[in-house]
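A short reminder: the numbers here are calculations on the coordinates, not readings from a lab. Source: prediction; values computed, not measured. Reconstructed Cβ throughout: ideal geometry from the backbone, glycine too, with neighbour counts over all protein chains shown.
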Amino acid sequence: MSTALVIGLSAVVVAIKDGEAVALTVRHKGAGSLSGLPFGPFDPDGRRTFELALRAFVTEQTRFDLGYVEQLYTFGDRGRDAPLANLGDGDGAARVISVGYLALAPAAVDTHFAGSEWRPWSRIFPWEDWRGGRPPALEAIGPALRAWAGNDAQKLARARLVFALDGAPWNEERVLERYELLYEAGLAPEAARDRGEASPARSEALVAAVGEAMISDHRRILATALGRLRGKLKYRPVVFELMPDAFTLSALQRTVEAIAGVPLHKQNFRRALERAELVEGLGRVDADTGGRPAELFRFRREVLGARPVGGLSLPLLRD
């Protein structure tokens, strides 16, 4: 008997809340305490396009209406749905091919819907936030990866490269590589689950360091989205999809830092922003900054149709 093939749609919905990058998660029936991304099967008879179907079920599952949406990636590895998805129609199991989408929202609006939550990326990928310096999670992950690598020089070189061990430079875009290395090393909690094995005994520090598990391969999808978004900051002005109509330059910088996970040099960031001619002052100030009133700006969205537009420079604080 052949396995049925199902097209599923997964949504990574990103916003900024209290200075943190957050993703919209839901609790799906039968998943226990684990959260997941909004997802559902594509109904070719009921919806004309993937995107329309995606928007409909995200609203149904979370009561949140999507704005900016772009296709992310197609996830079709055998066993990705740990390992098979039951369609609930009496026809047995099916292999699910998931089409992932990235959606950006200017505000993490409370969905007021049971089971949905805006979850900080720092809880899912604790090693990704370098805004306050080297993440404490790496103090536990580094030794665990070295123990896994043993005398294998190739494994050790990979660990050093992607996790910036032993003084190697940090590349913020390699989110997926880092997660997949933790999975391969058996450190990601999903690894034992997907292999049908008991979770190995670990220190509390290491359990906290490797982050919260998610259903199926949803952390892999989320890692793909984070890496894509970090890279796209540099060549497209997508960050403005996460901003309100009026914002301060400090708020814009904090948003970029929250997504990129690195601290930026304030003066150099503003110089680069001025050269790009992507924002303009509104002639009024924000008095709710907690300090000196700051000028409000807007994104010059009209330039998108007038000329090729790049992203934002990310001048690191150490530069």
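So here's what we get for this one:
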quantity	calculated
Percent of beta bridges antiparallel (DSSP, the chain, rounded to nearest 5)	70
Protection proxy ranking of 229-235, 199-205 - average other beta-carbon atoms within 10 Å, highest first	229-235, 199-205
Extension gain, Ser250 back to Asp43 (0.36 nm per residue minus Cα-Cα distance, nm)	70.2 nm
HN-Hα J in Hz across segment 119-133 - Karplus 6.51, -1.76, 1.60, θ = phi - 60°, x for Gly and Pro	10, x, 4, 5, 7, 8, 10, x, 7, 8, 9, 9, 4, x, x
Relative exposure of Asp129, Asp43, Asp217, judged by other C-beta atoms within 10 Å (fewest first)	Asp43, Asp129, Asp217
Ellipsoid equivalent to segment 236-305 - semi-axes via the Cα gyration tensor, in Å	18, 16, 12
Stretchable slack from Lys17 to Arg193, in nm (0.36 nm times residue separation minus alpha-carbon distance)	60.3 nm
Directionally averaged projected area (convex hull, Cα atoms, segment 115-166), nm²	4.8
Nearby lysines by direct alpha-carbon distance to Lys29 (threshold 21 angstrom, same-chain neighbours under 8 apart not counted)	none
Translational diffusion coefficient (Stokes-Einstein; Kirkwood radius from C-alpha pairs) of segment 177-220 at 4 °C, 1.567 mPa s, in µm²/s	122
Ordering of 116-123, 164-171 by packing [mean C-beta count within 10 Å, highest first]	116-123, 164-171
Distance between segment 169-185 and segment 103-139 - C-alpha centres, whole angstrom	17
Calculated FRET value between Tyr235 and Asn151, using beta carbons and R₀ = 51 Å, to 0.05	0.80
If the convex hull is drawn through the Cα atoms of the chain, its volume per residue in Å³	172
Selected from Pro293, Pro106, Pro135 as most flexible by GNM, with the chain as the system and alpha-carbon contacts under 10 Å	Pro293
